[in-house]
Every structure is written in structure tokens, then in C-alpha cells.
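The values are calculated or read from the model by the stated rules, or taken from the named source; none is laboratory data. Just so you know, these numbers come straight off a predicted model, no measurement behind them. Neighbour counts run over all protein chains shown; Cβ positions are idealised from the backbone, glycine included. Heads up: the accessible areas ignore ligands, DNA and RNA and are worked out on the full protein's heavy atoms, side chains in. Shrake-Rupley method; radii C 1.70, N 1.55, O 1.52, S 1.80 Å.
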Amino acid sequence: MAQQLVNGLMLGSIYVLVAVSLTLSIGILNFLNFSIPGLFMLGGVLTWLMIKLGFAWPLAAITALLAVCVAALVVERFTYRWMKGSDPEVPLVSSLGFLILFENLMLVAVGSDQQAFPQVFADFNLRIGGLLLGGPQLISLVLSIVLVVMISWVLRKTRYGRQVRAIAEDPETAGILGIDLQRIVPLVFIASGLLAAIGGVLFAFNYLQVSPFMGEEVGLKGISAMIVGGMGNIWGAIAGGLLIGVTEVFSIYFLGSDFVDIVVYGVLLVLLILRPGGLFGRVEQREKL
Amino acid sequence: MSGYLEGVLVLLSINVILAYAAALPLSAGQLNLGIAGFMAIGAYASAFLTNEIALSMWLAIPAGAAAAGVVALAVGLPILRTHGIYLALATFSLGEIIKAVFLNLDVVGGASGYAVFDYAGPMAVWLTAIGVVVFMLILSQTRFFLYLTAIKNDATVADLFGLNTRNLQLAALTLGAVIAGIGGGVYAHHFSFVEAQYFNAHLNIFIVLFVLLGGVQTVYGPLFGALFFTAVPELLRFSDEWRFVLFAALIIIAMAWRSEGVITAKLLRAPWRGKTPEGARP
């Protein structure tokens with residue numbers, strides 16, 4: 001039981017990274033960035049590719065993350081900048097276009113098979129009581145928590161954070177008050193892309209496989225986590241991610257893998273009906289889509 | 001007509017039906033990401049009726065569509081408590097649940113799929129699609145459609161002006177589900193086989209993309225979107241493995257170039273009728 005809870009939290013922590021990445025984008029820029037599952041995948045696949053080319057794993061991971069920063073900037077250039085004044089559903093289409101683009105570029109580069117990711121850490125598992133904690137998984141859980149706490153600290157306490165929150169409130173007024181939107185908005189895209197990509201790298205290290213389509217399943221769960229937590233709310237995204245991870249692992253444990261989707265999406269549906277604005281969202285607030 | 005062209009036209013017809021199934025709720029402001037689920041209900045219900053009680057296809061497909069409508073009606077009230085992106089996730093969850101239920105339902109073959117014994121030829125599929133288009137063209141001229149647009153633009157004001165927004169929204173959701181059910185029934189009877197995995201998240205997202213790329217302002221937008229998503233990948237076949245890379249690039253360019261959807265009301269307005277007033281929303 002407790003073991004399953006731990007496994008669920010580990011899986012959930014990956015969802016948390018993707019969900020926080022999405023929630024940053026929608027909370028600050030009011031932009032549901034569907035290319036994020038693609039950036040997640042790029043993080044994992046590019047790391048694999050670099051390791052295969054003979055680079056040491058830290059170097060491989062850093063190169064992949066830098067590449068994702070560039071990709072995130074390209075997405076910003078072709079989606080967010082064009083959306084001003086149009087219906088808010090629209091950039092959703094072009095960011096989905098980028099998801100398809102990234103996936104198929106990687107398909108050309110590495111093929112559609114699941115690629116085995118090398119095990120870079122020797123097996124170091126911790127046993128606490130009867131619980132088995134995988135080393136890499138533990139590191140990724142801690143890393144996710146640290147990253148998310150850091151982001152929320154930056155948003156709350158620093159000068160940058162204040163500027164970002166002003167943009168979230170009203171981009172036009174923020175611009176009038178002298179905030180350099182052209183500088184801050186790409187930074188938000190990079191931060192959100194990096195979170196997703198780190199999620200992808202951690203996923204690769206934990207589950208030891210990558211493929212061009214690895215972002216989809218995780219991305220959908222991440223989006224669900226973000227929405228069920230209440231959009232734009234970082235703590236909501238964390239709660240949502242962990243909730244989905246734990247629900248998924250428990251339903252596999254108790255009911256078998258045939259019923260995972262029914263249970264996970266059933267729980268989401270019921271939660272949404274009970275709390276139409278998400279767990280931590282305000283109901284009366286006008287929706288942001 | 002070559003078999004290839006015939007096949008592409010069948011695909012186009014089914015995509016057109018699905019595009020309108022998503023466009024109708026969207027014209028009331030509902031982003032329905034569960035269209036594939038309703039399509040699955042239409043497909044499985046009609047296939048079950050022709051297979052098990054030897055009902056004629058022409059009765060079974062409407063019956064399947066009605067079944068999809070009944071499900072939409074039943075879940076509509078609780079689901080419509082949510083709005084915007086939350087509604088999108090609620091419908092998406094519903095679609096995933098429906099898919100997973102059929103995947104585990106052994107009466108209709110479970111994961112191994114379900115063969116359908118009655119066959120609908122290409123002509124039947126085309127005619128159904130044309131029927132749906134004509135229906136939507138007529139519907140778009142009615143007061144009902146105007147009400148939906150009013151709700152989309154501002155549900156609160158529409159409510160204040162005396163529209164029964166709850167019932168209208170429910171009607172839009174249900175009607176969309178019925179159209180999706182028709183699409184599902186036709187799909188099942190043309191391809192003679194249904195499997196639950198087909199009605200997945202990919203399909204759901206692409207159906208909505210048809211509509212958003214084509215544009216939601218006019219009734220012709222979804223038609224264009226379905227055409228784009230069917231024809232362009234076929235035209236790009238020469239590029240082999242780069243096919244979907246190019247396709248994705250075209251989507252991005254199309255949306256950057258026409259960010260309100262390719263077909264806008266302004267585009268269709270005859271030049272002699274003058275400019276659209278500033279700020280007017282069709």
C-alpha cells in the first residue's frame with residue numbers, strides 16, 4: 001500500500017513538472033501552450049541522442065535543455081506574438097502545430113520505436129522500513145519540488161516576479177508602466193519550456209525509455225492535472241499532478257491496467273462537476289479561454 | 001473514379017461530418033473535446049443493431065445517433081456546470097471514459113474490435129456528409145443559431161435578454177453529439193469494422209483543429225478545415241517521412257497568417273456591401 005503511494009507520488013512528480021509548466025503559460029500569458037508535451041519529449045529524446053553520440057550524460061542533458069530553450073523561443077515567435085487581438089482558442093492550434101512538428105522531426109531523426117535509455121546511475125535503491133525508493137526517482141521527486149518552490153519564490157519575491165505578475169494582471173497596462181514585454185515574455189516561455197524539458201529528462205532517467213511520442217500521454221495527464229487543480233494556480237497544478245499519479249498507480253494496483261483510464265478520467269470528471277473551477281480555482285472568475 | 005480518390009473523398013466526408021459535430025457546440029462557446037466518444041457511441045450502437053437484431057442500416061445509424069444524443073442529454077446538465085477550458089477537459093474525460101468502456105465491453109468485441117456486417121457504399125457516405133452540410137447551412141440561418149452565437153459572445157447578457165441559456169447550451173451539446181453519432185454510424189458501416197482505440201485523444205484534438213483552423217465565424221469554416229486536414233497530407237505524400245513535418249509547418253503558417261481561422265466573415269463579405277463595422281462580431 002505505502003509502496004504504491006510512493007510510486008504514485010514519483011509518477012505524479014513528473015506530471016507536476018508538466019502541469020506547472022502549462023500553468024505558468026496560461027496563468028501569466030493566458031495562453032494554453034500545447035507545444036509543451038513536445039518540449040517534454042525533446043528534453044528526453046535529445047538527451048538520449050547526445051548520449052548515443054558519445055557525450056557524458058550531464059553534458060547531454062544540458063545540451064538538450066539548451067536546445068529546448070531555443071525551441072521554446074521559436075514557439076513564442078510564431079504563436080504568442082501573432083495571437084494579439086484574435087480569439088483565444090487560436091494560438092492553441094498553432095501550438096498544437098508545433099507539437100506535431102517536433103514529434104515528426106524527431107520521428108525523422110530517431111524513428112518511431114521506443115529507444116532504450118542507458119542506465120547512467122548504478123542501481124542505488126534506498127530501503128526505508130519496508131519501502132523501496134528508487135534512487136533516480138527519489139532525486140527527481142526532490143528536484144521537482146525544489147524547482148517548483150523556487151519558481152513560486154521567484155514569482156512572489158523578486159523584481160522579475162513582480163513584473164511577471166503585472167503582465168499576468170494586464171499586459172497592456174504592464175507595458176504602459178514600463179515593463180519590457182519583449183524581454184519578459186520570452187523569459188516566461190523559456191522558464192516554462194525548461195520545466196517541461198527537465199520533466200522529460202527525468203522521465204528518461206527514471207523509466208529508461210524514450211520515443212518521439214512520449215510527450216503525449218504525459219502531456220495529457222499534465223494538462224488534466226493543471227486544469228483540475230485550477231488554471232494558473234501553481235499549488236493547484238502540484239496537487240493535481242500528484243493526485244493523478246497516485247490515482248493511476250492505485251487503480252492499476254487494485255483493478256488492473258484495463259480500467260486505468262476509466263478511473264483516472266472518471267475521478268477528473270467528478271471533480272470538475274463538483275468544483276467547476278478546479279480544486280483551487282475560483283468558480284465565479286471568468287474563464288480564461 | 002479511381003479507388004484512391006474514392007477513399008480520400010470518403011475520408012473527407014467523415015471528417016466534414018465530425019467537423020460540424022464540433023462546430024455546433026463551439027458556436028455556442030463550448031469547446032467539446034469528446035466528439036470521438038459520441039462518435040464511438042454512434043458507431044458501436046448502430047453496428048450492434050445491424051449485427052444482433054438485423055436492423056436495416058438506415059434505421060440503425062439514426063438509432064445510434066439518437067443513442068449518442070441521449071448520452072449527451074444525460075450527462076449534459078452536470079457537465080455544463082463547467083465552462084471554457086474546464087468544459088473542454090470535462091468533455092475530454094467523458095470521451096476517454098466512453099472509449100475505455102467500449103474497450104472493456106466484451107459484447108462488442110472488447111479490445112479486439114467489432115466487425116460490422118452491413119455495408120454502406122461510398123455514395124451513402126458522401127450523401128450523408130452533404131446532408132449534414134445542408135442541415136448546417138439551413139440551421140445557420142435560424143434564430144436558434146443566432147441565440148447560440150449570443151450565448152457564445154456573452155452568456156450573461158444573453159441570459160439577461162431572456163434566453164434560456166441552460167436549455168440552449170444543452171441543445172447545442174446534444175445536437176453536436178447526434179451529428180457525431182451519425183458520423184460514427186456511417187464510419188462503422190463503411191469500414192465494416194470498429195475498434196475502440198480509434199476513438200482516441202488524437203482524433204478528438206484533430207476534430208477540434210478542423211474547426212479552429214477553418215474558422216468559427218462562418219458556417220463554411222469547418223468545411224474548409226476538414227478539407228485542409230484531409231487533402232494537404234495527401235498532397236504532401238511526395239515528401240515521404242517529411243510529410244507531417246511540412247504539414248505541421250503549414251498549420252503554423254496558416255494560423256500566423258490568418259489568426260482568426262482561414263475563412264472569416266470578412267473574407268466572405270461581398271465587396272459591394274462595404275466594410276464590417278469596427279468591433280462588430282458576427
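Each label point is 7 Å from the Cα along the Cα-to-Cβ direction; what then is the distance between the points at B:Phe135 and A:Tyr207, in nm?
4.0 nm
What is the dipole size for chain B, taken about its Cα centre, with +1 at each Lys and Arg Cβ and -1 at each Asp and Glu Cβ, in debye to the nearest 20? List each step's numbers first, then the result.
Values: 13 positive and 13 negative charges, 209 e Å.
Computed charge dipole of chain B: roughly 1000 debye.
Given R₀ = 30 Å, FRET efficiency for A:Val108-A:Leu255 by Cβ-Cβ distance, to 0.05? Walk me through the numbers on the way to the answer.
Details: r = 39 Å, r/R0 = 1.30.
After rounding, the FRET efficiency stands at 0.15.
Express the relative contact order of chain B as a whole percentage, based on alpha carbon pairs under 8 Å and six or more residues apart in sequence. Don't jump to the answer; show the numbers that get you there.
On the way: 450 pairs, mean separation 89.0, N = 282.
Rounded, it is 32 percent for chain B.
With a 1.4 Å probe and every protein chain left in place, tell me how much accessible area A:Val16 has, in Å² to the nearest 10.
10 Å²
Can you tell me the mean projection area, over all orientations, of the convex hull of chain B's alpha carbons? Units nm², please. Write out the running numbers ahead of the final one.
Details: hull surface 65.6 nm².
Dividing the Cα hull surface by four gives the mean projection, 16.4 nm².
How large a share of the accessible area of the range B:71-110, in percent, is made up of carbon and sulfur atoms when the probe is 1.4 Å and the other protein chains stay in place? List each step's numbers first, then the result.
Values: 920 of 1310 Å².
Summing carbon and sulfur atoms, their accessible area is 71 percent of the total for the range B:71-110.
Would you please give the residues with an amide H less than 5 Å from that of B:Leu33, counting only those at least 5 places away or on a separate chain, with H modeled from the backbone geometry?
Residues meeting the amide H criterion: B:Thr91, B:Phe92.
List the residues, sorted by chain then number, that are 5 or more residues from B:Phe193 or on another chain and whose placed amide H is less than 5 Å from its amide H.
For B:Phe193, the qualifying residues are B:Val116.
Hey, how many Å between the Cα centroid of the range B:45-87 and the Cα centroid of the range B:130-178?
19 Å
Quick one: how many lysine pairs does the protein assembly as shown have with C-alpha atoms less than 17 Å apart and a gap of 8 or more or different chains? Give me the count, please. All intermediate terms of the calculation are to be shown ahead of the outcome.
On the way: A:Lys84/A:Lys288; A:Lys221/B:Lys99; A:Lys288/B:Lys152; B:Lys266/B:Lys275.
Counting lysine pairs in the protein assembly as shown gives 4.
Under the rule of -39500 (n - 2.57) per DSSP H run of 4 or more residues, summed and divided by the residues of the protein assembly as shown, what mean residue ellipticity at 222 nm is obtained, to the nearest 500 deg cm²/dmol? Please list the in-between numbers first.
Numbers: 24 runs with 407 residues, N = 571.
Dividing the helical sum by the residues of the protein assembly as shown leaves -24000 deg cm²/dmol.
In what sequence, largest accessible area first, do B:Met123, B:Met39 appear using a 1.4 Å probe? Intermediate values should be presented prior to the final figure.
Numbers: B:Met123 110, B:Met39 0 Å².
These residues rank, largest area first, as B:Met123, B:Met39.
Would you mind working out the accessible area per residue for the range B:3-199, using a 1.4 Å probe, and quoting it in Å²? Could you put the intermediate results ahead of the total?
Working: 7480 Å² over 197 residues.
Ligands and nucleic acids excluded, the figure is 38 Å² per residue.
What number, in percent, do you get for the relative contact order of the range A:104-195 if the mean sequence gap of Cα pairs under 8 Å and at least 6 apart is divided by its residue count? Before the final figure, lay out the partial values.
On the way: 32 pairs, mean separation 9.5, N = 92.
RCO, the range A:104-195: 10 percent.
In what sequence, largest accessible area first, do B:Arg237, A:Arg127, B:Arg258, B:Arg166 appear using a 1.4 Å probe? Walk me through the intermediate numbers first.
On the way: B:Arg237 115, A:Arg127 175, B:Arg258 55, B:Arg166 140 Å².
From most exposed to least exposed: A:Arg127, B:Arg166, B:Arg237, B:Arg258.
Applying the Karplus parametrisation 6.51 cos²θ - 1.76 cosθ + 1.60 with θ = phi - 60° to the phi angles of the range A:252-265, what ³J(HN,Hα) value in whole Hz is obtained for each residue in order, glycine and proline being reported as x?
In residue order, the calculated couplings are 5, 5, 8, 10, x, 6, 5, 9, 3, 4, 4, 5, 4, 6 Hz.
Of B:Glu234, B:Glu241, A:Glu103, which has the most accessible area and how do the rest follow, probe 1.4 Å? Let's see the in-between values first.
Numbers: B:Glu234 35, B:Glu241 110, A:Glu103 10 Å².
Of B:Glu234, B:Glu241, A:Glu103, the descending order of accessible area is B:Glu241, B:Glu234, A:Glu103.
For the protein assembly as shown, with only Lys/Arg (+1) and Asp/Glu (-1) charged at the beta-carbon, what is the dipole magnitude about the Cα centre, in debye rounded to 20? Display every interim value, and only then the final one.
Values: 29 positive and 30 negative charges, 343 e Å.
With only Lys, Arg, Asp and Glu charged at Cβ, the dipole is about 1640 debye.
In percent, what relative contact order does the range A:215-273 have, based on Cα pairs under 8 Å that are 6 or more apart in sequence?
Working: 49 pairs, mean separation 14.5, N = 59.
Relative CO of the range A:215-273 lands at 25 percent.
Charges on Cβ only, +1 for Lys and Arg, -1 for Asp and Glu, centred on the Cα centroid of the range B:3-199; of B:Gly76, B:Phe161, B:Tyr44, which one is farthest towards the dipole's positive end?
So the residue we want is B:Phe161.
Excluding ligands and nucleic acids, what accessible area in Å² is computed for A:Glu217 using a 1.4 Å probe, to the nearest 10?
So the heavy atoms of A:Glu217 present about 100 Å² to solvent.
Can you send over the solvent-accessible area of A:Phe250, 1.4 Å probe, protein chains only, in Å² to the nearest 10?
That residue has around 40 Å² of solvent-accessible surface.
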